[in-house]
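The values are calculated or read from the model by the stated rules, or taken from the named source; none is laboratory data. Fair warning: this is a prediction, and the values are worked out from it, not measured in the lab. A quick note on method: Cβ atoms are made from the backbone with ideal geometry, for glycine too, and the neighbour counts reach across all protein chains shown. Protein only, heavy atoms only, side chains kept; ligands, DNA and RNA dropped before computing areas. Shrake-Rupley method; radii C 1.70, N 1.55, O 1.52, S 1.80 Å.
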2 protein chains.
Amino acid sequence: MVEPGATPWSAPAPVAVRQSSLRERNLAAIVAAVCRAEVPPSRADLAAELSMTRATAGRLVDELVAARVVDEVDRSQGARGRPAKGLLPGTGIVGLGLAVETDRLLVRAVDLRGRVVGERVVGSSAGDAESVLDALAHQAREVRRGLQGRRLVGVGVALPGIVDDDGRLLRAPNLRWNDVDVAGILASVGGRHRVLVANEADMAALVEAEPRPGRLGPWTDFVHVSAAVGVGGAIVSGGRVVAGEHGAAGELGHVCVDPSGPACGCGSTGCLEQYVGLRAVAEVSGLPRDRVATGLAAGAAAGDPRCVAAVEQVTHALSVALASVVNVVGISSVVLGGHLAALDPATIEAIRARLDARVIGSRWKPVQVTVARGDHAAAATGAAHRALADVVARPATWV
Amino acid sequence: MVEPGATPWSAPAPVAVRQSSLRERNLAAIVAAVCRAEVPPSRADLAAELSMTRATAGRLVDELVAARVVDEVDRSQGARGRPAKGLLPGTGIVGLGLAVETDRLLVRAVDLRGRVVGERVVGSSAGDAESVLDALAHQAREVRRGLQGRRLVGVGVALPGIVDDDGRLLRAPNLRWNDVDVAGILASVGGRHRVLVANEADMAALVEAEPRPGRLGPWTDFVHVSAAVGVGGAIVSGGRVVAGEHGAAGELGHVCVDPSGPACGCGSTGCLEQYVGLRAVAEVSGLPRDRVATGLAAGAAAGDPRCVAAVEQVTHALSVALASVVNVVGISSVVLGGHLAALDPATIEAIRARLDARVIGSRWKPVQVTVARGDHAAAATGAAHRALADVVARPATWV
DNA sequence: GAGATTAGTTTGATGAGTGAACTTAAGTCG
DNA sequence: CGACTTAAGTTCACTCATCAAACTAATCTC
């Protein structure tokens, strides 16, 4: 996953900054502050928080209001002095999120406040990439038509596979797609906007990190496991999804649990996916695939021996694989998503305890394990957030 | 490892930027450009490269020259026009790097050009932390005394253990130290400068990424394995060492190779360290510990069955453990250091090939495996670089 | 030695933020 | 009810870093 502005982190700017960069920077600071605020701040609040003068804050906010990136609302409360006008992320700015899942196509339009302002979900007829993506594009255009004068600022696409920097899907085993130019095929949906393509696990993790655009959730550093037929993952550090060289970071499904374990489609043996993927869990537990999420914990609680065995297998494999991950990336919170989000608290605690035993740093900071918030369209929401992230990061281009 | 203050320019600034930030930023851009240049650039070269005007470049360079952060040199070559004055990183700026190893204490003074301008190596009498660190501080003061008017800008300390953000060594199994306030004990060495403490693997990786301060080496994204009695590691992305929440990232030694393997001191089982650490390799190969680096490859080549077995064990364990790491962090280059740097090319290739088979992204980007440059004081050099990094990142505070 | 060429410097203009004074729109209190 | 207090927002002159362009300096070429 590539960052919006792509000037990496804090690297010494490769090129000089000029006066206009100052303004861009401060516009971004204001948008970020408005997005993360719990209550709508006034211009004066922003000036104090960002240690700029009221004059500057006022001028910049005026520009943002004109561009509809922030909205003014009445904040009539019985305070002394001239009443402040509260500022909120603009509802006139929306991002479009698209997702291809193994059996569904999703489109979501989300505004800067994180509200869903348009949605479509359709079952996908398995088929070749071109026709499935055409169907998706059609749905997206329908959602776009319903936006009623709101400003579309970008399109994100979440895919269950490995994606390169140019928006090409290199490989999606569970879709049986190889080397598909997704960004190119969907370009028409974005109009003049770039179509941002990324792995669904990264997109889902984005929502976990930022439940609303520009507003960090309770977790800013965690490893996100998103389990379905395939097991993916993402590493989030400081509220940002960590990319690998080719956006290939976070392939948790292929961390080795046991080198003498079963062969995996990836060419290796004993991969995590072979223990906790939907296919494996369904087989061991005897549950049909679409009942695993809802039925596994209940089955185990009821004493069904196959369900108990499946839960034990999941617990064991996750604790081994995640311990390696936590030791390597030094991030000690884990969020479980997909069908793993339905595990019961006792199992979660068992995983946590076994992880603690294997993690070298747990003595100073115990490992935390939680489950993802239940959003049936996390990846699509994340894709929309991804599109909106550009406005939050560089509002100057939208003013 | 924590970044030097660095207000990231690209991340949403938590606070407004003002005119002076512009200057700070552009000073940093110039220093970075001077450091990474292959030939000493002129003011005009810098202006062109950074797309600022010659006027601006000239003024900022003048300030840096006055502060001795960059030096002017004659660049008399038969070119037309007024001869340019070349610019090089200043030799008047030095960082001090300290390292505690299991049997040695090292101190190195390095200038901004990456030249060693002072060094001391002494054997360490095993002892309690306080007395060992006092001895180290004494050596450091001696080196500092020999700096002859150069400006000391910081002190870095490399330690074989886990370190927290405040410069406390939490745990160093191979030194048998626990919870030592290293930064506090060594504060006198730094004078008014902060003492920057980090894991030796991170410091060594820094030198691999940046052979000279501010100048990236051939690898900017890699996983660095530093093997000795303990096995540590560091993840370098974009030329920067990735920190975990508590600088605990990169604990490669405790990635699980086989959950049913031997117990490890960390409380887990089958950790990489139990297969490729100096202790394990010495035992399997029958070589004395201090001969492992030099004798292992030779022994295996000569057909010694114990050495062959040791090499096979190392090959197997590294390929399993590193595959997980590469899949998780999405970085496909691996640099082997410590006694692993002495493995012969055939073994390196065998590790590479087995890794390729296990890495999900290898189809698009084959895994690369190389060995570290042989620097007997990599950690101390890295610590000195770490101290100098602050000048490169924020020269304005030194002007 | 005149001319060409490029490095570096000087000078005034521009744009963005600062500080302080000013205006506006409430609530408070006699 | 009207004067006073309080705080938000606005205006305006000022500062500072960069830009643009003219100018000076030093060397090579012919």
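Table for the structure above
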| item | result |
| --- | --- |
| Histogram of C-alpha separations across the stretch A:19-89, 10 Å bin width, % | 21, 57, 19, 2, 0 |
| Label spacing, shortest first and in nm, from A:G267 to its equivalents in the remaining copies (7 angstrom along Cα→Cβ) | 3.7 |
| Solvent-accessible area per residue, Å², over the protein assembly as shown with all protein chains present [probe radius 1.4 Å] | 39 |
| Additional length obtainable on full extension of the chain from A:R59 to A:A309, 0.36 nm per residue less Cα span | 83.7 nm |
| Number of partner chain Cβ atoms within 10 Å, mean per residue of A:252-261 | 6 |
| Value of relative contact order over the stretch B:213-341, rounded to a whole percent, pairs C-alpha under 8 Å and six or more apart | 28 |
| Peptides ranked, highest mean first, by Cβ atoms within 10 Å: ranges A:343-349, B:211-217, A:90-96 | A:90-96, B:211-217, A:343-349 |
| Relative contact order (%) - chain B, alpha-carbon pairs under 8 angstrom, separation at least six | 18 |
| By average C-beta atoms within 10 angstrom, highest first, the peptides A:310-317, A:383-390 | A:383-390, A:310-317 |
| Between A and B, accessible area buried - total, square angstrom, nearest 100, 1.4 angstrom probe | 5600 |
| Peptide A:18-24, shielding by other chains (average Cβ, 10 Å cutoff) | 3 |
| Calculated label separations, A:R363, copies of the chain, 7 Å along the beta-carbon direction, nm | 4.4 |
| For the stretch A:1-156: rounded, prolate or oblate by the Cα gyration tensor [a/c cutoff 1.5] | oblate |
| Within the protein assembly as shown, percent of DSSP bridges classed antiparallel, to nearest 5 | 60 |
| Modelled FRET efficiency - R0 25 Å, B:T220 with B:E349, Cβ distances, 0.05 increments | 0.65 |
| Peptide ranges B:129-135, B:295-301 listed from the most packed, as the mean C-beta count within 10 angstrom indicates | B:295-301, B:129-135 |
| Degrees between helix A:129-145 axis and first principal axis of chain A (Cα, 0 to 90, nearest 10) | 40 |
| Accessible area of chain B belonging to carbon and sulfur atoms, whole % at 1.4 Å probe | 50 |
| Principal axes of chain A: Cα extent on each, largest first, Å | 68, 52, 45 |
| Helix A:19-36 axis, angle to chain A major axis (alpha carbon atoms, nearest 10°) | 60 |
| Anisotropy class of the stretch B:290-360 from Cα gyration tensor, a/c 1.5 cut | prolate |
| Antiparallel content of DSSP bridges confined to the stretch A:132-271, in %, to 5 | 75 |
| Per-copy distances of the B:G238 label point, shortest first, in nm (7 angstrom along Cα→Cβ) | 0.8 |
| Average Cα contact separation per residue, the stretch A:164-229, under 8 Å, 6 or more apart, as relative contact order % | 22 |
| Partner aspartates and glutamates for A:K85 [C-alpha distance under 20 Å; skip if fewer than 8 residues away on the same chain] | A:E38, A:D45, A:E49, A:D62, A:E63, A:D71, A:E72, A:D74 |
| Over chain A: helical MRE at 222 nm, DSSP H runs n ≥ 4 each giving -39500 (n - 2.57), nearest 500 | -11500 deg cm²/dmol |
| Length added when fully stretched, B:A298-B:E130, from 0.36 nm per residue minus Cα-Cα | 56.4 nm |
| Cα-based helix-to-principal-axis angle, B:54-66 vs chain B, degrees rounded to 10 | 70 |
| Cα gyration tensor shape of the stretch A:276-399, rounded if a/c is under 1.5, else prolate or oblate by comparing a/b with b/c | oblate |
| Average beta-carbon neighbours from other chains, 10 Å sphere, peptide A:32-38 | 2 |
| Hydrodynamic radius (Kirkwood) for the protein assembly as shown, which is based on Cα pairs only, to one decimal in Å | 28.1 |
| Probe 1.4 Å - accessible area at B:T102, Å² to nearest ten | 80 |
| Selected from A:P305, A:P173, A:P83 as most flexible by GNM, with chain A as the system and alpha-carbon contacts under 10 Å | A:P83 |
| Net charge, A:G374 excluded, C-beta distance under 15 Å - Lys, Arg +1, Asp, Glu -1 | -2 |
